[in-house]
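K.L.:
Sharing a structure here in structure tokens format.
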Amino acid sequence: AKFISFARRRLKELYPYTEINDTIKNITQDEYTAIAHGDNGDYTYDFIIDCRGFPTSGDFDKGDYKFPEFDTVNSLLVFQHHHPYTHPYTDVRLHRNGWQFGINTAHRKAFGYLYNKDITSKDEALQHYLSLNKDVPIVENEVKSLSWRFYSAKKAIDNRVIKMGNKLFFYEPIQGIPLHHYCIFTLIIIDYMATKHFSVVWEYRVTLNGFLDDWHTYTPEDAVNQYHNVIMDRYFEIVCTNYIGNGMNSDFWDITRQN
């Protein structure tokens, strides 16, 4: 949260920009422009980077996303314990229904219990969650829950509209893994918007890393999308690798290892 406020302030110092506060309902485009349609008006740009968060069920129904054959963990129970925590690290523990994270700040710690709702019921998960954390004064009616789908966009770029963040993909909250990808992918997107053709920088990023050796046969848009899909397949394989080595015997671990 602090980084966001710092980045916005610093960007305004380096590259003054106009900030518009509005609720964007949908985005349209033509060959030359992209238009964000908000409650208070329409906003026209050369490109729009769509960071509006998780896709809606309507977005999924349009066929713009692909889904892996199975989910690992797809649900979460989380409780914020407002108490000083001074240890300088986060923690992870495996359990019979998935795994749990502990993320602390100076004044609170979040205990997040991850499980697969198609294997473990919410009630069973909650009771196990409480038993695992007997030393934490968890208040049941303050435990938040959520579920998600595994997905990635079939196209990162659609002409003038570029998906990023949760609009682009989400598998599960091992989000330390794709940080390197986000950095590289952002550079590729900037290169695409600035040139709309392959620069020397693009050729270095793609060919030296073993992607799209025949990159010159693609349009810029198709090449970025192909690169994105290769990375998404590799990222999902990394997620799966986290689950194959555990010897714990339970429905969750047996089913996940088999898949």
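The values are calculated or read from the model by the stated rules, or taken from the named source; none is laboratory data. Just so we're clear, the structure is a prediction, and the values are computed from it rather than from any experiment. Because the Cβ atoms are built from the backbone with ideal geometry, glycine has one as well, and the counts that use them run over all protein chains shown. Ligands, DNA and RNA are stripped out before the accessible areas are found, and what is left, the full protein with its side chains, is counted by its heavy atoms. Shrake-Rupley method; radii C 1.70, N 1.55, O 1.52, S 1.80 Å.
K.L.:
Which residues, taken from the range 154-194, are in contact with a Lys or Arg (Cβ under 9 Å, 6 or more places away or on another chain), open to solvent by 30 Å² or more (accessible area, probe 1.4 Å) and hydrophobic (A, V, I, L, M, F, W, C)?
P.N.:
Scanning the range 154-194 gives Ile184, Leu187.
K.L.:
Another question, then. Pull out all pairs, ordered by first then second residue, where Cβ-Cβ is under 8 Å, the residues are six or more apart or on different chains, the first lies in the range 236-259 and is part of a loop (DSSP other than H, G, I, E, B), and the second is open to solvent by 60 Å² or more (accessible area, probe 1.4 Å).
P.N.:
These pairs meet every condition: Tyr243/Arg257; Ile244/Arg257; Asn246/Leu94; Asn246/Arg257; Met248/Leu94; Met248/Arg96; Ser250/Arg96; Asn259/Glu69.
K.L.:
Next question, about the same structure. State yes or no: is Asn26 of a type in the set (S, T, N, Q), modelled with pLDDT under 95 and in contact with an Asp or Glu (Cβ under 9 Å, 6 or more places away or on another chain)?
P.N.:
Against the criterion (of a type in the set (S, T, N, Q), modelled with pLDDT under 95 and in contact with an Asp or Glu (Cβ under 9 Å, 6 or more places away or on another chain)), Asn26 does not qualify.
K.L.:
Can you tell me which residue is nearest to His83 (Cα to Cα) among those in the range 147-160 that are among the aliphatic types (A, V, I, L, M) and modelled with pLDDT under 95?
P.N.:
Ala156
K.L.:
Which members of the range 96-120 meet the condition of being without any contact (Cβ under 8 Å) to a residue 60 or more places away in the chain and either of a type in the set (Gly, Ala, Ser) or in a strand (DSSP E or B) (or both)?
P.N.:
Trp99, Gln100, Gly102, Ile103, Asn104, Ala106, Lys109, Ala110, Phe111, Tyr113, Leu114
K.L.:
Check the range 121-136 and report whether any residue there is in a loop (DSSP other than H, G, I, E, B), at pLDDT 90 or above and of a type in the set (Gly, Ala, Ser).
P.N.:
Scanning the range 121-136, I find at least one residue that is in a loop (DSSP other than H, G, I, E, B), at pLDDT 90 or above and of a type in the set (Gly, Ala, Ser), so the answer is yes.
K.L.:
Kindly state which strands (runs of 3 or more DSSP E) lie completely within the range 21-71 and contain at least 2 residues that are of a type in the set (Ser, Thr, Tyr).
P.N.:
Passing ranges, in order: 42-45.
K.L.:
Sticking with this one: Any residue at all in the range 14-30 that's touching a residue at least 12 places away in the same chain (Cβ under 8 Å), within 23 Å of Ile189 (Cα to Cα) and open to solvent by less than 60 Å² (accessible area, probe 1.4 Å)?
P.N.:
For the range 14-30, residues touching a residue at least 12 places away in the same chain (Cβ under 8 Å), within 23 Å of Ile189 (Cα to Cα) and open to solvent by less than 60 Å² (accessible area, probe 1.4 Å): present.
K.L.:
Here's something else I'd like to know. Within the range 116-130, can you find the residues that are farther than 24 Å from Thr86 by Cα and open to solvent by 10 Å² or more (accessible area, probe 1.4 Å)?
P.N.:
Lys117, Asp118, Ile119, Ser121, Lys122, Asp123, Glu124, Leu126, Gln127, His128
K.L.:
Look through the range 54-78, keep the residues that are in contact with a strand residue (DSSP E or B) (Cβ under 7 Å, 6 or more places away or on another chain) and of a type in the set (Val, Ile, Thr), and return whichever of them is nearest to Tyr243 (Cα to Cα).
P.N.:
Selected residue: Val73.
K.L.:
Now a separate question. For a quick check of your reading of the model, give me the residue pairs whose first member lies in the range 68-87 and is in contact (Cβ under 8 Å) with a residue 12 or more places away in the chain and at negative phi, whose second is charged (D, E, K, R) and open to solvent by less than 30 Å² (accessible area, probe 1.4 Å), with beta-carbon atoms closer than 6 Å and at least 6 apart or on different chains.
P.N.:
Thr72/Glu172; Val73/Glu172; His81/Lys109; Tyr85/Lys109
K.L.:
Report, by residue number, each residue of the range 85-113 that is farther than 24 Å from Phe252 by Cα and of a type in the set (A, V, I, L, M, F, W, C).
P.N.:
Ala106
K.L.:
Follow-up. Give me the residue from the range 143-196 that is part of a loop (DSSP other than H, G, I, E, B) and polar (S, T, N, Q) and, out of that set, farthest from Phe111 (Cα to Cα).
P.N.:
Step by step, filter the range 143-196, then rank; the result is Asn159.
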